[in-house]
Amino acid sequence: MKTLITLLITLFGALTSLFLWIYLQREKLPYNAEGKFFNAEEGVVYHEQARTAYGIFVLIGATLIVSLIIWRVRVGR
């Protein structure tokens, strides 16, 4: 059981780190008045609204990590 919890902490930590990195990259983009950014090199339009979703994923992931760490400490007794 302890190994499973540790594995979940590691998995959620990696996913949360990825979402945090994406959020920070999207935060730096110069969006226009419509909330869009066109990347000519990739041919992709980034929407400012997606940044909020990544921020929410980071908060949910951090909450899961803290909850699992607390659970891991409680199970360890």
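Summary table
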{"read-out": "The range 48-65 residues that are at negative phi and free of Cβ contacts under 8 Å to residues at least 40 places away in the same chain, paired with ones that are surrounded by 14 or more Cβ atoms within 10 Å (Cβ to Cβ) and in a helix (DSSP H, G or I) (beta carbon under 7 Å, 6 or more apart)", "value": "ALA50/ARG26; ARG51/TYR23; ARG51/ARG26; TYR54/PHE19; TYR54/ILE22; TYR54/TYR23; TYR54/ARG26; GLY55/TYR23"}
{"read-out": "Restricting the range 1-49 to residues that are out of contact with any helix residue (DSSP H, G or I) (no Cβ under 8 Å at 6 or more places or on another chain) and hydroxyl-bearing (Ser, Thr, Tyr), the residue that is farthest from ILE70 (Cα to Cα)", "value": "SER17"}
{"read-out": "Which numbered condition PHE37 fails, given (1) in a helix (DSSP H, G or I); (2) farther than 30 Å from LEU4 by Cα; (3) not acidic (Asp, Glu)", "value": "(1)"}
{"read-out": "Selection count where residues are in contact with a strand residue (DSSP E or B) (Cβ under 9 Å, 6 or more places away or on another chain) and within 16 Å of LEU24 (Cα to Cα), scope the range 44-77", "value": "3"}
{"read-out": "Residue list for the range 59-74, restricted to those being of a type in the set (Val, Ile, Thr) and over 14 Å from ILE9 (Cα atoms)", "value": "none"}
{"read-out": "Selected residue [out of contact with any Leu (no Cβ under 7 Å at 6 or more places or on another chain), part of a helix (DSSP H, G or I) and among the aliphatic types (A, V, I, L, M)] from LEU68, LEU29, LEU64", "value": "LEU64"}
{"read-out": "Top-ranked residue of the range 40-77 - restricted to ones that are exposed (fewer than 10 other Cβ atoms within 10 Å of the Cβ) and within 26 Å of LEU7 (Cβ to Cβ), ranked as modelled with the highest pLDDT", "value": "ARG74"}
{"read-out": "Tabulated pairs, the range 1-29, first of a type in the set (Asp, Glu), second assigned to a helix (DSSP H, G or I) and modelled with pLDDT under 95, C-beta under 6 angstrom, 6+ apart or interchain", "value": "none"}
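The values are calculated or read from the model by the stated rules, or taken from the named source; none is laboratory data. Small disclaimer: the values here were computed from a predicted structure and weren't measured. Cβ atoms come from the backbone with ideal geometry, glycine included; neighbour counts cover every protein chain shown.
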